[in-house]
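S.K.: Mind having a look at this structure? Questions to follow.
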Amino acid sequence: MPPPKDRGIRIATYNVHACVGTDGRHDPHRVAAVIAELDADVVALQEFSCPADVALETRSPVVLESLDGYACALGPTLLRSEKHFGNVLLSRHPIRELARIDLSVTRREPRGALAATIDVAGKDLHVVATHLGLRFGERRTQVERILGHVASLRTAFFAVLGDFNDWLPGRSVARALEERLGSPPKRRSFPGFWPMLALDRIWVQPAGALREIAVHGSRLARRASDHLPVVAVLDPP
(Lines give C-alpha, C1' and ligand atoms only; values in the text may rest on other atoms or scores of the structure.)
Protein backbone atom coordinates (compact mmCIF):
# COMPACT_ATOMS: atom_id res chain seq x y z
CA MET A 1 0.00 0.00 0.00
CA PRO A 2 1.48 3.41 -0.95
CA PRO A 3 2.21 5.85 1.88
CA PRO A 4 -0.23 8.71 2.51
CA LYS A 5 0.50 11.61 0.20
CA ASP A 6 1.22 14.09 3.00
CA ARG A 7 3.72 11.65 4.51
CA GLY A 8 5.98 11.88 1.46
CA ILE A 9 8.59 9.25 0.65
CA ARG A 10 11.00 8.61 3.50
CA ILE A 11 14.52 7.52 2.56
CA ALA A 12 17.44 6.93 4.91
CA THR A 13 21.13 6.11 4.97
CA TYR A 14 22.71 4.26 7.89
CA ASN A 15 26.23 2.92 8.42
CA VAL A 16 25.54 -0.01 10.75
CA HIS A 17 29.21 -0.77 11.57
CA ALA A 18 28.67 -4.52 11.04
CA CYS A 19 25.96 -4.30 13.73
CA VAL A 20 28.59 -3.64 16.41
CA GLY A 21 27.48 -0.86 18.74
CA THR A 22 29.36 1.76 20.69
CA ASP A 23 29.30 -0.66 23.62
CA GLY A 24 31.28 -3.21 21.57
CA ARG A 25 28.34 -5.61 21.35
CA HIS A 26 27.33 -7.30 18.08
CA ASP A 27 23.53 -7.01 17.97
CA PRO A 28 21.68 -7.15 14.63
CA HIS A 29 18.33 -7.09 16.47
CA ARG A 30 19.22 -3.70 17.92
CA VAL A 31 20.11 -2.36 14.48
CA ALA A 32 16.81 -3.73 13.12
CA ALA A 33 14.97 -1.91 15.92
CA VAL A 34 16.64 1.37 14.93
CA ILE A 35 15.64 0.85 11.30
CA ALA A 36 12.07 0.21 12.44
CA GLU A 37 12.17 3.53 14.32
CA LEU A 38 13.02 5.32 11.07
CA ASP A 39 9.76 4.18 9.41
CA ALA A 40 11.50 4.73 6.07
CA ASP A 41 10.38 3.46 2.68
CA VAL A 42 13.95 3.00 1.43
CA VAL A 43 17.03 2.45 3.61
CA ALA A 44 20.63 2.30 2.38
CA LEU A 45 22.93 0.40 4.75
CA GLN A 46 26.72 0.42 4.77
CA GLU A 47 29.20 -1.90 6.53
CA PHE A 48 26.61 -4.66 6.58
CA SER A 49 27.83 -8.22 7.05
CA CYS A 50 26.00 -11.45 6.34
CA PRO A 51 26.91 -15.14 6.10
CA ALA A 52 28.87 -16.02 2.96
CA ASP A 53 26.39 -18.75 2.01
CA VAL A 54 23.52 -16.27 1.49
CA ALA A 55 22.64 -16.09 -2.21
CA LEU A 56 23.53 -12.78 -3.82
CA GLU A 57 20.08 -12.43 -5.37
CA THR A 58 18.16 -13.05 -2.14
CA ARG A 59 15.41 -10.52 -1.47
CA SER A 60 14.71 -11.33 2.18
CA PRO A 61 16.28 -9.04 4.82
CA VAL A 62 19.07 -11.41 5.86
CA VAL A 63 20.31 -11.09 9.46
CA LEU A 64 17.58 -8.46 10.06
CA GLU A 65 14.74 -10.98 9.91
CA SER A 66 12.26 -8.81 11.82
CA LEU A 67 12.22 -6.34 8.92
CA ASP A 68 10.10 -8.67 6.81
CA GLY A 69 8.18 -5.75 5.31
CA TYR A 70 11.25 -4.84 3.26
CA ALA A 71 12.72 -6.28 0.10
CA CYS A 72 16.49 -6.57 0.29
CA ALA A 73 19.22 -6.00 -2.31
CA LEU A 74 22.74 -7.09 -1.41
CA GLY A 75 25.86 -5.34 -2.65
CA PRO A 76 28.86 -7.02 -0.97
CA THR A 77 32.27 -5.51 -1.65
CA LEU A 78 34.44 -7.72 0.57
CA LEU A 79 33.94 -11.46 0.09
CA ARG A 80 35.39 -13.56 2.88
CA SER A 81 35.17 -17.27 3.59
CA GLU A 82 32.59 -16.86 6.37
CA LYS A 83 31.16 -13.37 5.94
CA HIS A 84 30.37 -10.97 3.12
CA PHE A 85 30.56 -7.25 3.84
CA GLY A 86 29.32 -4.14 2.05
CA ASN A 87 26.19 -2.30 0.98
CA VAL A 88 22.53 -3.25 1.33
CA LEU A 89 19.37 -1.57 0.10
CA LEU A 90 16.03 -2.16 1.85
CA SER A 91 12.78 -1.13 0.19
CA ARG A 92 9.11 -1.37 1.12
CA HIS A 93 8.32 -0.93 -2.57
CA PRO A 94 9.15 -3.21 -5.50
CA ILE A 95 12.73 -3.07 -6.76
CA ARG A 96 12.26 -3.20 -10.55
CA GLU A 97 15.87 -2.92 -11.66
CA LEU A 98 19.15 -3.42 -9.83
CA ALA A 99 22.78 -2.90 -10.82
CA ARG A 100 25.99 -3.16 -8.84
CA ILE A 101 28.55 -0.51 -9.74
CA ASP A 102 32.21 -1.32 -9.08
CA LEU A 103 33.90 1.69 -7.46
CA SER A 104 37.10 -0.10 -6.52
CA VAL A 105 40.43 1.69 -6.90
CA THR A 106 43.73 -0.21 -7.24
CA ARG A 107 45.45 -1.04 -3.95
CA ARG A 108 42.53 0.26 -1.89
CA GLU A 109 39.69 -1.56 -0.13
CA PRO A 110 37.06 -2.66 -2.67
CA ARG A 111 34.09 -0.31 -2.86
CA GLY A 112 30.81 -0.29 -4.74
CA ALA A 113 27.36 1.20 -5.17
CA LEU A 114 23.89 -0.26 -5.53
CA ALA A 115 21.85 1.41 -8.28
CA ALA A 116 18.17 0.54 -8.11
CA THR A 117 14.92 1.61 -9.74
CA ILE A 118 12.12 1.43 -7.18
CA ASP A 119 8.44 1.57 -8.07
CA VAL A 120 6.82 3.90 -5.52
CA ALA A 121 3.09 3.93 -6.19
CA GLY A 122 3.64 3.86 -9.95
CA LYS A 123 6.46 6.43 -10.00
CA ASP A 124 10.09 5.44 -10.61
CA LEU A 125 12.53 6.50 -7.92
CA HIS A 126 16.16 5.88 -8.89
CA VAL A 127 18.49 5.31 -5.95
CA VAL A 128 22.28 5.14 -5.88
CA ALA A 129 23.52 3.89 -2.49
CA THR A 130 27.24 3.83 -1.74
CA HIS A 131 30.12 3.89 0.74
CA LEU A 132 33.18 5.74 -0.50
CA GLY A 133 36.84 5.18 0.36
CA LEU A 134 39.02 6.81 3.00
CA ARG A 135 41.44 8.68 0.71
CA PHE A 136 40.64 11.82 -1.23
CA GLY A 137 42.01 10.52 -4.54
CA GLU A 138 39.93 7.35 -4.52
CA ARG A 139 36.78 9.24 -3.47
CA ARG A 140 37.26 11.63 -6.39
CA THR A 141 37.40 8.70 -8.83
CA GLN A 142 34.38 7.08 -7.19
CA VAL A 143 32.30 10.26 -7.41
CA GLU A 144 33.12 10.56 -11.12
CA ARG A 145 31.78 7.04 -11.68
CA ILE A 146 28.63 7.76 -9.69
CA LEU A 147 27.99 10.94 -11.67
CA GLY A 148 28.50 8.97 -14.87
CA HIS A 149 25.70 6.64 -13.81
CA VAL A 150 23.48 9.55 -12.78
CA ALA A 151 23.91 11.06 -16.24
CA SER A 152 22.47 7.88 -17.75
CA LEU A 153 19.22 7.91 -15.77
CA ARG A 154 16.06 8.19 -17.81
CA THR A 155 14.12 10.35 -15.35
CA ALA A 156 14.97 13.26 -13.14
CA PHE A 157 13.64 11.77 -9.87
CA PHE A 158 16.52 10.17 -8.02
CA ALA A 159 18.52 10.10 -4.80
CA VAL A 160 22.23 9.57 -4.17
CA LEU A 161 22.94 8.60 -0.60
CA GLY A 162 25.38 6.81 1.66
CA ASP A 163 28.52 7.25 3.72
CA PHE A 164 30.81 9.51 1.69
CA ASN A 165 33.69 9.67 4.19
CA ASP A 166 34.03 13.32 3.20
CA TRP A 167 35.16 15.64 5.97
CA LEU A 168 38.11 17.78 4.79
CA PRO A 169 36.82 21.28 3.85
CA GLY A 170 39.62 22.03 1.40
CA ARG A 171 39.63 18.57 -0.22
CA SER A 172 35.94 17.73 -0.44
CA VAL A 173 34.64 15.49 -3.21
CA ALA A 174 31.14 16.60 -2.25
CA ARG A 175 31.84 19.73 -4.28
CA ALA A 176 31.53 17.77 -7.53
CA LEU A 177 28.24 16.25 -6.36
CA GLU A 178 26.94 19.66 -5.33
CA GLU A 179 27.80 21.17 -8.72
CA ARG A 180 25.59 18.54 -10.35
CA LEU A 181 22.97 17.85 -7.67
CA GLY A 182 22.77 21.00 -5.53
CA SER A 183 23.67 21.60 -1.89
CA PRO A 184 21.19 19.91 0.45
CA PRO A 185 21.60 20.44 4.19
CA LYS A 186 24.43 18.55 5.86
CA ARG A 187 23.58 16.84 9.14
CA ARG A 188 26.26 15.70 11.57
CA SER A 189 26.01 11.95 12.05
CA PHE A 190 29.44 10.74 13.22
CA PRO A 191 30.49 9.71 15.81
CA GLY A 192 27.07 8.61 16.99
CA PHE A 193 27.58 9.43 20.67
CA TRP A 194 28.65 13.04 19.90
CA PRO A 195 28.16 13.86 16.19
CA MET A 196 30.74 16.24 14.73
CA LEU A 197 31.10 15.19 11.07
CA ALA A 198 28.54 15.02 8.24
CA LEU A 199 29.83 11.80 6.67
CA ASP A 200 26.38 10.45 5.78
CA ARG A 201 24.72 12.42 3.01
CA ILE A 202 21.61 12.46 0.83
CA TRP A 203 21.25 14.29 -2.49
CA VAL A 204 17.91 14.45 -4.28
CA GLN A 205 16.84 15.53 -7.76
CA PRO A 206 14.87 17.57 -8.47
CA ALA A 207 16.13 19.61 -5.52
CA GLY A 208 12.60 20.86 -4.84
CA ALA A 209 11.52 17.29 -4.07
CA LEU A 210 13.47 17.39 -0.80
CA ARG A 211 11.06 18.40 1.94
CA GLU A 212 13.32 17.87 4.95
CA ILE A 213 16.42 16.06 6.11
CA ALA A 214 17.37 15.15 9.67
CA VAL A 215 19.54 12.93 11.85
CA HIS A 216 17.79 10.22 13.83
CA GLY A 217 19.42 10.44 17.24
CA SER A 218 17.32 8.21 19.46
CA ARG A 219 18.85 6.66 22.57
CA LEU A 220 18.90 3.28 20.84
CA ALA A 221 20.53 4.67 17.68
CA ARG A 222 23.35 6.19 19.74
CA ARG A 223 24.21 2.70 21.04
CA ALA A 224 23.55 0.53 17.98
CA SER A 225 26.33 1.89 15.70
CA ASP A 226 29.09 4.48 15.56
CA HIS A 227 27.03 6.40 12.95
CA LEU A 228 23.55 7.87 13.31
CA PRO A 229 21.00 7.37 10.52
CA VAL A 230 20.15 10.32 8.28
CA VAL A 231 16.55 10.51 7.02
CA ALA A 232 15.07 12.60 4.21
CA VAL A 233 11.44 13.16 3.26
CA LEU A 234 10.72 13.55 -0.45
CA ASP A 235 7.73 14.90 -2.32
CA PRO A 236 7.53 13.18 -5.73
CA PRO A 237 7.71 15.72 -8.58
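S.K.: Could you tell me which residue of the stretch 79-103 is modelled with the highest pLDDT, considering only residues that are surrounded by fewer than 16 Cβ atoms within 10 Å (Cβ to Cβ) and assigned to a loop (DSSP other than H, G, I, E, B)?
M.R.: P94
S.K.: Condition test on S49, is it closer than 23 Å to A224 by Cα, at pLDDT below 95, in a loop (DSSP other than H, G, I, E, B) and not hydrophobic (A, V, I, L, M, F, W, C)?
M.R.: No; evaluated as a whole, the condition is false for this residue.
S.K.: For the stretch 222-237: of the residues being out of contact with any His (no Cβ under 9 Å at 6 or more places or on another chain) and within 22 Å of H17 (Cα to Cα), which is surrounded by the most Cβ atoms within 10 Å (Cβ to Cβ)? Quick ask: steps written out before the conclusion?
M.R.: From the stretch 222-237, those out of contact with any His (no Cβ under 9 Å at 6 or more places or on another chain) are 222-223, 232-237; that's our starting set.
From the residues that got through so far, the ones that are within 22 Å of H17 (Cα to Cα) too are 222-223, 232.
Numbers: R222: 19, R223: 16, A232: 27.
The residue in question is A232.
S.K.: G24 fails exactly one of the following numbered conditions: (1) under 11 Å from P229 (Cβ atoms); (2) out of contact with any Phe, Trp or Tyr (no Cβ under 8 Å at 6 or more places or on another chain); (3) outside any helix (DSSP H, G or I). What is the number of that condition?
M.R.: Condition not satisfied by G24: (1).
S.K.: Of the residues L197, L210, only one is more than 19 Å from R30 (Cβ to Cβ) and in contact with a Phe, Trp or Tyr (Cβ under 7 Å, 6 or more places away or on another chain); which? Quick ask: steps written out before the conclusion?
M.R.: Values: L210 fails: in contact with a Phe, Trp or Tyr (Cβ under 7 Å, 6 or more places away or on another chain).
The match here is L197.
S.K.: Restricting to the stretch 173-205, and then to whatever is part of a strand (DSSP E or B) and within 14 Å of the chain's Cα centre (by Cα), can you tell me which residue is surrounded by the most Cβ atoms within 10 Å (Cβ to Cβ)?
M.R.: In the first step, residues of the stretch 173-205 are kept if they are part of a strand (DSSP E or B); the result is 190, 197, 200-205.
Remaining after also requiring within 14 Å of the chain's Cα centre (by Cα): 200-204.
Details: D200: 29, R201: 24, I202: 22, W203: 24, V204: 25.
If we take residues in the stretch 173-205 being part of a strand (DSSP E or B) and within 14 Å of the chain's Cα centre (by Cα), then D200 is surrounded by the most Cβ atoms within 10 Å (Cβ to Cβ).
S.K.: So which residues in the stretch 106-124 are in contact with a Ser or Thr (Cβ under 8 Å, 6 or more places away or on another chain) and either within 11 Å of T77 (Cα to Cα) or surrounded by fewer than 18 Cβ atoms within 10 Å (Cβ to Cβ) (or both)?
M.R.: Correct list: E109, P110, R111, G112, A113, L114, D124.
S.K.: Which one of the conditions (1) at pLDDT 95 or above; (2) among the small types (G, A, S); (3) surrounded by fewer than 17 Cβ atoms within 10 Å (Cβ to Cβ) does G137 fail to meet, given that it meets all the rest?
M.R.: Going through the list (1) at pLDDT 95 or above; (2) among the small types (G, A, S); (3) surrounded by fewer than 17 Cβ atoms within 10 Å (Cβ to Cβ), G137 breaks only (1).
S.K.: Contact list please: Cβ distance under 7 Å, first residue in the stretch 81-103 and under 21 Å from D39 (Cβ atoms), second residue surrounded by fewer than 21 Cβ atoms within 10 Å (Cβ to Cβ) and of a type in the set (D, E, K, R), pairs at least six apart or on different chains.
M.R.: Note: pairs meeting the criteria are H93/D119; P94/D119.
S.K.: For the stretch 143-161, give me each residue that is among the aliphatic types (A, V, I, L, M), within 16 Å of V120 (Cα to Cα) and surrounded by 16 or more Cβ atoms within 10 Å (Cβ to Cβ).
M.R.: A159
S.K.: Among what's in the stretch 216-237 and is in contact with a Ser or Thr (Cβ under 6 Å, 6 or more places away or on another chain) and among the hydrophobic types (A, V, I, L, M, F, W, C), pick the residue that is farthest from N15 (Cα to Cα).
M.R.: V230
S.K.: L210: buried (at least 18 other Cβ atoms within 10 Å of the Cβ), touching a residue at least 12 places away in the same chain (Cβ under 8 Å) and farther than 19 Å from V43 by Cβ, yes or no?
M.R.: Judged against the criteria, L210 is not a match.
S.K.: Of all residues being among the small types (G, A, S) and buried (at least 20 other Cβ atoms within 10 Å of the Cβ) in the stretch 1-31, which is nearest to F158 (Cα to Cα)? Just the residue, please. Lay out the reasoning, then the answer.
M.R.: So the first thing to find is which residues in the stretch 1-31 are among the small types (G, A, S), and the list is 8, 12, 18, 21, 24.
Now drop any that are not buried (at least 20 other Cβ atoms within 10 Å of the Cβ), which leaves 12, 21.
Details: A12: 13, G21: 31 Å.
Once the filter is applied, the top-ranked residue is A12.
The values are calculated or read from the model by the stated rules, or taken from the named source; none is laboratory data. Because the structure is a prediction, the values reported are computed rather than measured. Backbone-built Cβ (ideal geometry, glycine too); neighbour counts: all protein chains shown.
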